[in-house]
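Let me begin by presenting the structure, written as structure tokens, before commenting on it.
The values are calculated or read from the model by the stated rules, or taken from the named source; none is laboratory data. No experiment lies behind these values; they were computed from the predicted model shown. Neighbour counts run over all protein chains shown; Cβ positions are idealised from the backbone, glycine included. Accessible surface areas use protein heavy atoms only, side chains included; no ligands, DNA or RNA. Shrake-Rupley method; radii C 1.70, N 1.55, O 1.52, S 1.80 Å.
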Amino acid sequence: MKSTLLLTAALAVFALQTQAQTPAPPRVAADQITTKKGPLIVQPITHGSVVLTWNGKTIYVDPYGGAEAFAGLAAPDVILITDIHGDHLDPKTLAGLSVGKALMVVPKAVADQLPAEYKAQARILSNGQKLDTLGMSVSAIPMYNLPEAADAMHTKGRGNGYVLNLGGKNVYLSGDTEDIPEMRALKNIDVAFVCMNLPYTMDVNQAAQGVLAFKPSIVYPYHYRGQNGLSDVDAFKKTVNAANKKIDVRLRNWYPAAQ
């Protein structure tokens, strides 16, 4: 009996040691952007997922890809979800994260599909609506495919892009969209996260032309994995900077696990 107990204890210790030695998933270094209320930390995760940390608050955008991708990061105070598709609304990832105290800002279509345990945390924003919370503002922006059609993968009004105001900096998160008039009409965007993956959103040139129209100070190509692999973000940067050298195009590896 004693030897069995000792063996069980030894196995438990071994399991803990093995767990501790398991390397965290690869993650690119975070960027830091100055705001009037301290730094905004931008941590790319994967695909359309990013973690923003500002003024003591942590914002998860479209948490996806497994909870291990968020290992070592603070629990979220706010979770923004853009759409119902599994690379945006990912219940399996949510279930592995400490989200019990987080406010979930979502469109109605997402709220309708949230697991029951999260529904009390959800705040529904429709396109054009705005929420002020925790010292920041969150505005819901349209995101959809062109031409508009009832059978489009992303119909107008179902999902949200978002514009956050964090310490005087405006941060745009495109969600799944094409080069729509509402994106082109954006003003005073300091940081933009812009998708580019066919056939779901838009191609590299469409994304570049949209960015050249609204002229963000900094733009991150993200959500750039499509049916035929990764989009050519180097070509995106060249196209943007050939026309406007002032736009800081920041290429980061959003798919480190695939390398």
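Annotations for the structure displayed:
- The one condition from (1) of a type outside the set (S, T, N, Q); (2) open to solvent by less than 10 Å² (accessible area, probe 1.4 Å); (3) in a loop (DSSP other than H, G, I, E, B); (4) free of Cβ contacts under 8 Å to residues at least 40 places away in the same chain that Gly175 does not meet is (4).
- Options Ala243, Ala185: the member that is under 21 Å from Thr82 (Cα atoms), more than 19 Å from the chain's Cα centre (by Cα) and not polar (S, T, N, Q): Ala185
- Among the residues of region 224-257, those identified as of a type outside the set (Asp, Glu), touching a residue at least 24 places away in the same chain (Cβ under 8 Å) and not in a loop (DSSP other than H, G, I, E, B) are Arg225, Gly226, Leu230, Val233, Ala235, Phe236, Thr239, Val240, Ala243, Val249, Pro256, Ala257.
- Among (1) open to solvent by 30 Å² or more (accessible area, probe 1.4 Å); (2) closer than 25 Å to Thr201 by Cα; (3) in contact (Cβ under 8 Å) with a residue 24 or more places away in the chain; (4) not charged (D, E, K, R) - the single one Ala71 does not satisfy: (2)
- Residues of region 105-137 satisfying the condition of being farther than 16 Å from Ala95 by Cα and in a strand (DSSP E or B): Val105, Val106, Arg123, Ile124, Lys130, Leu131, Asp132, Thr133, Met136, Ser137
- Pick from region 128-151, criterion in contact (Cβ under 8 Å) with a residue 40 or more places away in the chain and open to solvent by less than 50 Å² (accessible area, probe 1.4 Å), ranking: farthest from Asp179 (Cα to Cα): Thr133
- Residue identified as assigned to a loop (DSSP other than H, G, I, E, B), more than 17 Å from the chain's Cα centre (by Cα) and on the phi < 0 side of the Ramachandran plot among Gly72, Gly86, Gly100: Gly100
- Matching residues, region 107-124, being in contact with a helix residue (DSSP H, G or I) (Cβ under 9 Å, 6 or more places away or on another chain), in contact (Cβ under 8 Å) with a residue 24 or more places away in the chain and surrounded by 15 or more Cβ atoms within 10 Å (Cβ to Cβ): Leu114, Tyr118
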